[in-house]
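Written below as structure tokens is the structure these notes are about.
The values are calculated or read from the model by the stated rules, or taken from the named source; none is laboratory data. Here the structure is a predicted model, which is why all the values come from computation and not from measurement. When we count neighbours, we look across all protein chains shown, and the Cβ atoms used for this are built from the backbone with ideal geometry, even at glycine. The area values use the complete protein model at the heavy-atom level, side chains included, leaving out ligands, DNA and RNA. Shrake-Rupley method; radii C 1.70, N 1.55, O 1.52, S 1.80 Å.
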Amino acid sequence: MLYPQVNATRMVTSLDGFWQFQVADQKAIDLHQPLPAPLTMAVPASFNDQVVDQTLRNHDGYFWYETTFNISKLQKTQRNVLRFGSVTHSAVVYINGHEAGRHQGGFTPFEIELDDYIQVGKNDLKVQVSNLLDNTTLPSGELTQQAGQYHVTPRFDFYNYAGINRPVKIFTTNKQVHIDDVVVKYHTDLHQTNVLPDIKITGNYHHLTLQIIDEANNVVVQNNSASTTTIKPLLLADTHLWQPRHAYLYKLAVMIYDANDELLDTYEQTFGIRTVKIAHNQILVNDQPIYLKGFGRHEDFPVIGKGMNQAVINHDHNLMKWLNANAFRTSHYPYSEEEMQLADRDGLLVIDETPAVGLFVGFSASMAMGQGQVNTWQTLKTQAAHQQVIREMITRDQNHPAVLMWSIANEPASQQVGAHEYFAPLVQLTKQLDWQKLPVMAPKIMVATPDVDRIADLFDVIALNRYYGWYADFNDLTKAKQDLQNEIKAWHQKYPDKPIIFTEFGADTLSGMHSLAREPYSEEYQLDYYQMNLAVFDEFDYVVGELLWNFADFATPTGLIRINGNRKGIFTRDRQPKDIAYLLKKRWAHK
Ligand code: BDP
């Protein structure tokens, strides 16, 4: 899927700004009239923390956004497409009172063809948004209704921020013929690279030209072709590789022409050349073993909630680079396209995760180690949604060299009967959709130990979320150390060829709390906890990654063990370092 771009044939208008907003179900809205009693709401951002009224902040159900936009005579001669970076969790889009499209799933973009609905001059855009989650959606939640009021109990701990979280744009293309997709496929021996892109075009054209442009803006290779099916490979004789923390980005320019050499449409797709392999329990990037140093994170910041904000993203990346990190996981949903573009540029490796979180019925974060009594795989009906989120994530992100692996679920009930049957087709689908065949993983919950887990054989990597010294062996780091060592050995014994990475480990820590007794919640305990864990990882050369939980403190609903959010951050929510940050910076300079 192409990210909107302004060029010789395309225009982009941003619809970001102050919109109208109102909580209401469909019956209360006249689609041909302005919203009757709206508030102002900034887009992009979650709605929740922009309002003062707490009932509104925590509203579960439907709400409406409205804005107007103008179309010039000139613009009406083009094809106009409305594009949402994401609407959380579902959207029905109305243009001038008519339904023009809808989308389910809160973390991937969708596009709506506008030409049948818009007019020259002023147009009305309304979006009915829902933040409801149930047994069929991803993320997964428990939905109840009482006296006509919906109530969602999320099966995850982060606050269920919702709204128009990412940019809204209208882009134009030629009406009759346009480039719909560019997938930059290549084969490289790390010196010579043959680039053979997959290009989708709607409409008739006479011929196309392809160019690869390097970072100095030189055209390094060019091809002409009569059609997308007869493209000859473009040879990069001396490939400049994309390396972790040493990014190098090329662009593939596609130009399509009519018989008179008149340019009909063009698009420039950024890409990088790198390989990813798994061999002998190591992860190889460009044939070199890599050790992952970094974080599980959240899109989460005061006031904007899960809204896309480039300054926050850039600052987070600068903090990660300052600590000498090289990787992060998009826990627990695909992050914004803008962030993925920056990861490409910053050379940060990304474990790209679907929003398949909460696939464990009856397990509750606030009960910590509580075991679900209900069989998840008989209760949930998420297979269709799961296929969709995998498809949409890969379609959106396959051109990003930063993507190292696909994480297709976080902490599913992989120890319960039915887990293997549920995941086997999903792993197969992921491999089938991804031409690169990147490794596939799904981080494991603590109760999914090697003796009871049913799905590890399906995946390329053993990814562990482990909290020895916190949810297990609380305040007993000696016992925690033994248990951690034993579990690592047991996994290795069962799957000697698979690399092990720790996708989560951490301890809630109140910034500024100090304890001579080095007690839990203090900065001292966080230091001791991590030093123990990191020393254990260093004992095993098949442990090839440490992604700490979490990069920063983040918002959650208040709970028994969630006081003002999840406090496992290495940084506070406003990005001030806890003591542990300096230890990591030192360690990661050499690791
Ligand atoms: C894990 C989840 C993560 C939670 C974390 C925690 O994957 O989303 O925030 O535990 O409890 O179970 O801190």
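Structure notes:
- Between Q282 and A424, the simple spin-label model (points 7 angstrom out along Cα→Cβ) gives 3.3 nm.
- Span from the the range 105-168 Cα centroid across to the the range 417-441 one, whole angstrom: 27 Å
- Mean accessible surface per residue for the range 213-329, computed with a 1.4 Å probe while every protein chain stays in place, in Å²: 42 Å²
- Whole-Å distance, taken between Cα centres, linking the range 65-95 and the range 549-591: 38 Å
- Distance between the 7 Å Cα→Cβ label points at Q436 and N218: 2.6 nm.
- Over 28 Å between alpha carbons, listed pairs K169/K444; K200/K444; K321/K568; K76/K200; K306/K381: K169/K444; K200/K444
- Across the chain, the relative contact order, built from alpha-carbon pairs under 8 Å that are at least six residues apart, equals 12 percent.
- Residue-normalised accessible area of the range 81-151, given per residue in Å² at a 1.4 Å probe: 37 Å²
- Summing +1 for each Lys or Arg and -1 for each Asp or Glu among the other residues whose beta-carbon sits under 11 angstrom from that of V12 gives +3.
- Ligands, DNA and RNA left out, the 1.4 Å accessible surface of the range 176-241 is 47% carbon and sulfur atoms.
- 12 Å beta-carbon shell around Y422, net charge (K/R +1, D/E -1): +1
- Looking at the range 354-467, the accessible area is 31 square angstrom per residue; that uses a 1.4 Å probe and ignores ligands, DNA and RNA.
- Stretching Q54 away from H246 to a fully extended chain increases their span by 64.6 nm, per 0.36 nm per residue minus the current alpha-carbon distance.
- Approximate spin-label separation N486-D451, in nm, with each point projected 7 Å along Cα-to-Cβ: 0.9 nm
- Förster radius 51 Å - calculated FRET efficiency between N318 and L516, Cβ distance, rounded to 0.05: 0.90
- Difference of contour (0.36 nm per residue) and Cα-Cα distance, L31 to F474: 154.0 nm
- Where a label projected 7 Å from the Cα of R345 along Cα→Cβ would reach, residues of the range 294-321 with amide N under 16 Å: 309-321
- Within the accessible area of the range 46-140 (1.4 Å probe), percent carbon and sulfur: 47 percent
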